[in-house]
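Visitor: Okay, here's the structure, questions in a sec.
Since every read-out is calculated from the coordinates, none of them should be taken as a lab result. Just so we're clear, the structure is a prediction, and the values are computed from it rather than from any experiment. No Cβ is skipped: glycine too gets one built from the backbone with ideal geometry, and neighbour counts run over all protein chains shown.
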Amino acid sequence: MKMFVSAVSALVALGALAVSANAADLVIYTSQPNEDAQATVDGFKAANPGVDVQWVRDGTTKIMAKLMSEIEAGNPVADVLLIADTVTLERLKQDKRLMAYQSPEAKAYDASLYDADGYYYSTKLITTGIMYNTQASMKPASWKDLAKPEAKGLVAMPSPLTSGAALIHAQTLVENPALGWDYYRALKDNGAIAAGGNGAVLKSVASGEKAYGVVVDYMPIREKAKGAPVEFVFPSEGVSAVTEPVAIMSATKHADAAKKFVDYVLSEKGQEGFLKLGYIPARNGMALPAGFPARGTIKVMPLKASDALKNTDTDLKTFSGIFGGNG
């Protein structure tokens, strides 16, 4: 009986959540950290007073699972997505789940950072580079340095089987003719460990358990500012990047509010909000957070979202074959 009451209570709670979301002027599904998501929504509401916004936050994988279950049930709740990577949104575009919108703010962005048809737009650059403990014997400057004898058994990296950013990173590096899958085989032969997410890598290097780590930029830069014994390097070959794109669902019931949100996060005001949170704005002409080098010195290696999507299953199998499938 208690189980039945709990189940009914849960269904009632979910029903209330759906009613609340449907009653809002705009529903956003995002993979931003909670504090970042709230700051983004607060900034949007300040620029658009009177718009009632509801937002749901989780990792991109879980957000997509929730969204797809809603689509299968015939009731997608989200109006707007603000999630980790363009490859996920490219899949939704190909499935005709996104609405095309040509934002007037796009003119301030490099064409490589948004979909030419207007289905999604990058909002920031979260690059992946190399961090090292200041007690390490070598100061890496190249991706290949992690395969040197000095780094043997001392490298940690997130697994593409766990981390979306790590998958984008691997797909970017293997497209570089000077690296490719042979680079990952060299890392494995040199004792590199690939497991978990970026947070685990940060902890491992900051604690001195490992000397070198492959990690997203803002984590070690923030920790260094707090006094952690770490440095972050943008390797000479370039870095990979996830760009936390924004997109409008084709099934949106609030298209006008959704377009306003897209315009806001792409606007100078919205980009200043991301800058304050410690991210590299995707918009041209913006400043960078403290601790980052000049934007012109950061080389982002190219990755075509449609090709990455097509190759994802094969790439995951190849990586798993090299490092094992535990992730």
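Visitor: Rounded to the nearest 10 degrees, what's the angle between the helix 180-189 long axis and the longest principal axis of the chain, both from Cα atoms, 0 to 90?
Guide: Between the helix axis and the principal axis of the chain, the angle is about 60 degrees.
Visitor: Here's something else I'd like to know. Quick check on my link table: of Lys66/Lys317; Lys148/Lys224; Lys66/Lys188; Lys139/Lys310; Lys66/Lys260; Lys107/Lys226, which ones sit more than 28 Å apart, alpha carbon to alpha carbon?
Guide: Lys66/Lys188; Lys139/Lys310; Lys107/Lys226
Visitor: Bin all alpha-carbon pair distances of the chain at 20 Å intervals from 0 and give each bin's fraction as a whole percent.
Guide: Once binned at 20 Å, the Cα pair distances of the chain give 31, 55, 14, 0.
Visitor: For every helix of n ≥ 4 consecutive DSSP H residues, a contribution of -39,500 (n - 2.57) applies; sum these over the chain, divide by its total residues, and give [θ] at 222 nm rounded to the nearest 500 deg cm²/dmol.
Guide: Using -39500 (n - 2.57) per qualifying helix, the result is -13000 deg cm²/dmol.
Visitor: Given contacts defined as C-alpha pairs under 8 Å and at least six residues apart, what's the relative contact order of region 44-176, whole-number percent?
Guide: For region 44-176, the relative contact order is 14 percent.
Visitor: Relative contact order for the chain: what is it in percent, counting Cα pairs under 8 Å that are at least 6 residues apart?
Guide: Computed over the chain, the figure is 25 percent.
Visitor: Could you compute how fast region 123-185 diffuses translationally, taking Rh as the Kirkwood radius over C-alpha pairs and applying Stokes-Einstein at 4 °C with viscosity 1.567 mPa s? Give it in µm² per second.
Guide: Reported coefficient: 100 µm²/s.
Visitor: Grab the beta carbon distance between Asn34 and Lys304, set R0 = 41 Å, and tell me the FRET efficiency rounded to 0.05.
Guide: 0.80
Visitor: Can you classify region 40-183 as rounded, prolate or oblate using the Cα gyration tensor, where a ≥ b ≥ c are the square roots of its eigenvalues, rounded means a/c under 1.5, and otherwise it's prolate if a/b beats b/c and oblate if not?
Guide: Cα axes put region 40-183 in the prolate bin.
Visitor: Give, in nm to one decimal, the length gained when the segment between Ser137 and Ile322 is fully stretched (0.36 nm per residue of separation minus the Cα-Cα distance).
Guide: 63.9 nm
Visitor: Next question. If you stretched the chain out fully between Ala225 and Lys148, how much longer would it get, using 0.36 nm times the residue separation minus the C-alpha to C-alpha distance?
Guide: Separation in residues times 0.36 nm, less the Cα-Cα distance, equals 24.9 nm.
Visitor: Follow-up question, since we're still on this one. Tell me which of Asn133, Ser69, Ala111 sits at the most positive position along the dipole axis of the chain, charges placed on C-beta atoms (Lys, Arg +1; Asp, Glu -1).
Guide: Ranked along the dipole, the leading option is Asn133.
Visitor: Name the shape class, rounded, prolate or oblate, that the alpha-carbon gyration tensor gives for region 142-215, where a ≥ b ≥ c are the square roots of its eigenvalues, rounded holds for a/c under 1.5, and otherwise prolate holds if a/b is larger than b/c and oblate otherwise.
Guide: The shape class here is oblate.
Visitor: Apply the a/c threshold of 1.5 to the C-alpha gyration tensor of region 229-316 and tell me whether it is rounded, prolate or oblate.
Guide: Note, shape of region 229-316 comes out oblate.
Visitor: Residue separation times 0.36 nm, minus the C-alpha to C-alpha distance between Asn311 and Thr297: what's the value?
Guide: Here the answer is 2.1 nm.
Visitor: Roughly what % antiparallel, to the nearest 5, for the DSSP beta bridges in the chain?
Guide: For the chain, the DSSP antiparallel bridge percentage is about 60.
Visitor: Right, next: Over region 83-159, what is the relative contact order in percent, taking alpha-carbon pairs closer than 8 angstrom and at least six residues apart?
Guide: RCO, region 83-159: 19 percent.
Visitor: Tell me the angle of helix 164-174 to the major Cα principal axis of the chain, expressed in degrees between 0 and 90 and rounded to the nearest ten.
Guide: Computed tilt is about 50 degrees.
Visitor: Working from Cα positions, state the angle (0 to 90°, nearest 10) between the long axis of helix 34-47 and the longest principal axis of the chain.
Guide: 50 degrees
Visitor: In debye to the nearest 20, how big a dipole does region 178-231 give about its Cα centre with +1 on each Lys and Arg Cβ and -1 on each Asp and Glu Cβ?
Guide: 160 debye
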